[in-house]
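Structure, as structure tokens:
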Amino acid sequence: MPRGCRAPARIAMAAALGSLRGLLLAAGPAARPARPRCCLPPPGTRLLRQSCRRPAGPQPGPEPGQGGLPEGVEYIPTRKKGKNPMKPVGVAWYSLYTRTRLGYLFYQRQVRKARERYPHGHSVSQPCCFSGVKILPIPVLSNNYSYLVIDTSSGRAAAIDPSDPLAVQAAIEKEGVMLEAIFCTHKHWDHSGGNAELCQQHSSCKVYGSALDSIPDLTNPLTDREKVSVGCLTFQALATPGHTVGHMVYVLDGEPFGGPPCLFSGDLLFLSGCGRLFEGSAETMLASLDLAMGLGEDTLLWPGHEYALECLTFASLLELDNPALDQKWRWVMQQRQEKRITCPSTLGEEQTYNPFLRTHRPELHTALGLRQGAGEHPNAFRARVLKEVRRRKDLYKAP
Ligand SMILES: [Zn+2]
């Protein structure tokens, strides 16, 4: 394994960054996290409860604590020790996880441990509502999000990636809705493990996903761009390979409700991050990310994991002077101090700080020491940039 991420220069840079943050945080009101744009209702949208509403009253500014984080805030790591996909053992582990029963047993253990550690979920969730639609993020396992999307006029609902069936069923019962569809972004157990149990409890529920991805209990395979209605809601499936060969994202059409499009991105795209390239090339992932970005800047991003703090910290090591990134980092820090969820962001916001969406930016090229070759196609160069960012992220471990 290359040791680039542990090089003294990188450690020094991280320390310097910590000092810079200290100065910024000590600067007082100007350094306070601003209310993110994702919380502002899009034109014509009636938000009944704002998904990222800040509590009233003065907010304590974050202060540098252990490892540069305030007390009570912890990184949610994107990978555990020994699960580095860059190492042969990581490749072997991935093969066992996806192709044998060991994967399912590992998932069951994950569920058990997470229920013990987080009896009320790893994060404090808040529903996001606009006229006729309610989106309920459900924190499951140690860092996943499932979602319950409800057509409030008919009480019909769809679940996205219901990995812990107990948590999703509890939400269904609390909301008093009928589960009509499960949309599964990909085959990994932490996104699909609850399909069977929920289908047993909801006999008319269909499971949608790509036939390319061996999704457990799949009943209705979807092709690229296919649309599915659930009550008054319309979802469109988009094939977005890269993380897995059959990865799909789902886009809820917000227009009939006067709302923005909602992207349920699974492991394609996270706040300031993207999924690992387990089953695809950087070129494939770049095309999938470009496809998602075509949905428009006001699109709300609902990712499959709570990785925001770690991903933003990593991004800030690449771009030392990006005010949008610093502002989001401070806001996310505050959210995590209160164990609050950090989604949704918007695709417009993501373009300002997510390095995987900034492969065209000269400042990122300079940070990575990459230059476009003579005659190299711009997209081929962007894929090379994406590959390098991904490589560094795979090696990165939060302090
Ligand atoms: Zn995955």
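Here are the numbers for the structure shown:
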item: Subset tally (residues that are open to solvent by 50 Å² or more (accessible area, probe 1.4 Å) and under 27 Å from THR100 (Cα atoms)) for the range 219-243; result: 3
item: Matching residues, the range 223-252, being in contact with a strand residue (DSSP E or B) (Cβ under 6 Å, 6 or more places away or on another chain), part of a loop (DSSP other than H, G, I, E, B) and under 16 Å from LEU291 (Cα atoms); result: ASP224, GLU226, THR240, GLY246
item: Filter result for the condition that a residue is farther than 23 Å from HIS122 by Cβ, within 15 Å of the ligand (Cβ to nearest atom) and of a type in the set (Gly, Ala, Ser), over SER204, SER210; result: SER210
item: Selection within the range 102-130 - out of contact with any strand residue (DSSP E or B) (no Cβ under 9 Å at 6 or more places or on another chain), hydroxyl-bearing (Ser, Thr, Tyr) and within 25 Å of CYS343 (Cβ to Cβ); result: TYR107
item: Condition met for PHE183 (at pLDDT below 95 and either among the hydrophobic types (A, V, I, L, M, F, W, C) or in contact with a Phe, Trp or Tyr (Cβ under 6 Å, 6 or more places away or on another chain) (or both)); result: no
item: Test: residue in the range 281-292 that is surrounded by fewer than 18 Cβ atoms within 10 Å (Cβ to Cβ) and either closer than 19 Å to SER192 by Cα or within 16 Å of the ligand (Cβ to nearest atom) (or both); result: no
item: Any hit, the range 112-120, residues being more than 15 Å from the ligand (Cβ to nearest atom), aliphatic (A, V, I, L, M) and either surrounded by fewer than 19 Cβ atoms within 10 Å (Cβ to Cβ) or free of Cβ contacts under 8 Å to residues at least 40 places away in the same chain (or both); result: no
item: Residue selected from the range 244-267 under the condition more than 21 Å from ALA181 (Cα to Cα) and open to solvent by less than 10 Å² (accessible area, probe 1.4 Å), by the criterion nearest to the ligand (Cβ to nearest atom); result: THR244
item: Residue, surrounded by the most Cβ atoms within 10 Å (Cβ to Cβ), within the range 270-279, restricted to residues that are within 12 Å of the ligand (Cβ to nearest atom) and in a strand (DSSP E or B); result: CYS274
item: Residue within the range 162-169 that is touching a Pro at 6+ places or on another chain (Cβ under 7 Å), crowded, with 23+ Cβ neighbours inside 10 Å, touching a residue at least 12 places away in the same chain (Cβ under 8 Å) and aliphatic (A, V, I, L, M) present; result: yes
item: Hits in the range 173-192 (condition: away from the ligand (no atom under 13 Å from the Cβ) and crowded, with 22+ Cβ neighbours inside 10 Å); result: VAL177, LEU179, ALA181, ILE182, PHE183
item: Scan of the range 280-317 for residues that are part of a loop (DSSP other than H, G, I, E, B) and of a type in the set (Gly, Ala, Ser), ordered by number; result: GLY280, SER281, GLY294, GLY296, GLY304
item: Pairs with Cβ under 6 Å, 6+ apart, first in the range 193-213 and open to solvent by 30 Å² or more (accessible area, probe 1.4 Å) and polar (S, T, N, Q), second assigned to a loop (DSSP other than H, G, I, E, B) and modelled with pLDDT of 95 or more; result: none
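Per-residue answers, yes or no, for (1) open to solvent by 10 Å² or more (accessible area, probe 1.4 Å); (2) within 27 Å of LEU136 (Cα to Cα); (3) in contact (Cβ under 8 Å) with a residue 60 or more places away in the chain; (4) among the hydrophobic types (A, V, I, L, M, F, W, C):
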residue	(1), (2), (3), (4)
GLY296	yes, yes, no, no
PRO323	yes, no, no, no
ASP326	yes, no, yes, no
MET333	no, yes, yes, yes
PRO355	no, no, yes, no
ARG361	yes, no, no, no
ALA367	yes, no, no, yes
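The values are calculated or read from the model by the stated rules, or taken from the named source; none is laboratory data. All values derive from a computational prediction rather than experimental measurement. Cβ atoms come from the backbone with ideal geometry, glycine included; neighbour counts cover every protein chain shown. SASA here: full protein model, heavy atoms, side chains in, ligands and nucleic acids out. Shrake-Rupley method; radii C 1.70, N 1.55, O 1.52, S 1.80 Å.
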